[in-house]
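Peer 1: Quick one: structure below, then a few questions.
Derivation of every value follows stated rules applied to the coordinates shown; laboratory data play no part. Because the structure is predicted, anything quoted here is derived from the model rather than measured. Here the Cβ is made from the backbone with ideal geometry for all residues, glycine too, and neighbour counts use every protein chain on show.
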Amino acid sequence: MSVFIEQQNLPAVFSAIAAFMSLVFAAFSFWFGRQHQRRLAKIEWTRDVLAWGNECIDVISDAHLIVQFAPSCESSSLNQRYYDVLRRLTSLIDRGRMYFTNVDKHKYGQEKPDAYKGYRPKLLDPLVAAYNDIETLSHDNSVTISSSARLVQYRRIFVSDLQKEIPPEWFHRAKEYDRKDTPGREAGRPLN
């Protein structure tokens, strides 16, 4: 038996090699495509969470300004502003549950709907605290300097906790990835 490939078998050997190379290329392309899709999904999630986080920061800032200027506002106007902030905060808290799920769902709140079982994520605590403070103020209008200071503190805690979830440097890397990976995209053009 000859070790060398017979000349008449060469086309079959080349076909087998080509088929193997095609298979390797297809597997690599599939893997690379999946990695690319995961990065894009992470970027999309990050953008969504940042938009939500920015909205949360705005609402807490609005609440702080309302509390700060409350002594100079008439009661009906003030109550309307409080209720607007409360409505926005409760919505943002629930929307935050869509991004960050509760922990220990099997240990606490079994009687509650699924999204509310367990303990809420720590990230939502400053929003809930701001909600509780504004709700209390809307009932008794006893605005104090400490009320205003607490809202500033809640905003700072929220921003710090959000940065733990999405470090700013990751977002900058994502922007660079998006710029490099989008055909025809101009460097420095804002992300939409």
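Peer 1: If you take every residue apart from ALA149 with its C-beta less than 12 Å away from the C-beta of ALA149, what net charge results, scoring Lys and Arg +1 and Asp and Glu -1?
Peer 2: +2
Peer 1: Taking only the alpha-carbon atoms of the range 98-157, what semi-axes of the equivalent ellipsoid follow from 5 times the gyration tensor eigenvalues under a square root, in whole Å, largest first?
Peer 2: 29, 14, 8
Peer 1: Sorted by average packing, counted as other Cβ atoms within 10 angstrom per residue and highest first, what order do 73-86, 23-36 take?
Peer 2: Ranking, from highest mean packing down: 73-86, 23-36.
Peer 1: Something else now. For ARG34 and ALA115, what does the FRET efficiency come to when R0 = 30 Å and r is the distance between their Cβ atoms, rounded to the nearest 0.05?
Peer 2: After rounding, the FRET efficiency stands at 0.55.
Peer 1: All other residues with a Cβ under 13 Å from the Cβ of ILE57 taken together, and with Lys, Arg as +1 and Asp, Glu as -1, what is their net charge?
Peer 2: Every neighbour counted, the sum reads -1.
Peer 1: Right, next: Over the range 5-102, how many percent of alpha carbon pairs lie in each 10 Å bin up to the one with the longest distance?
Peer 2: 13, 22, 16, 13, 10, 9, 8, 5, 3, 1
Peer 1: Right, here's the next one. If you add up the charges near SER77, with Lys and Arg at +1 and Asp and Glu at -1, over every other residue whose beta carbon is less than 15 angstrom from its beta carbon, what do you get?
Peer 2: Result for the local shell: -2.
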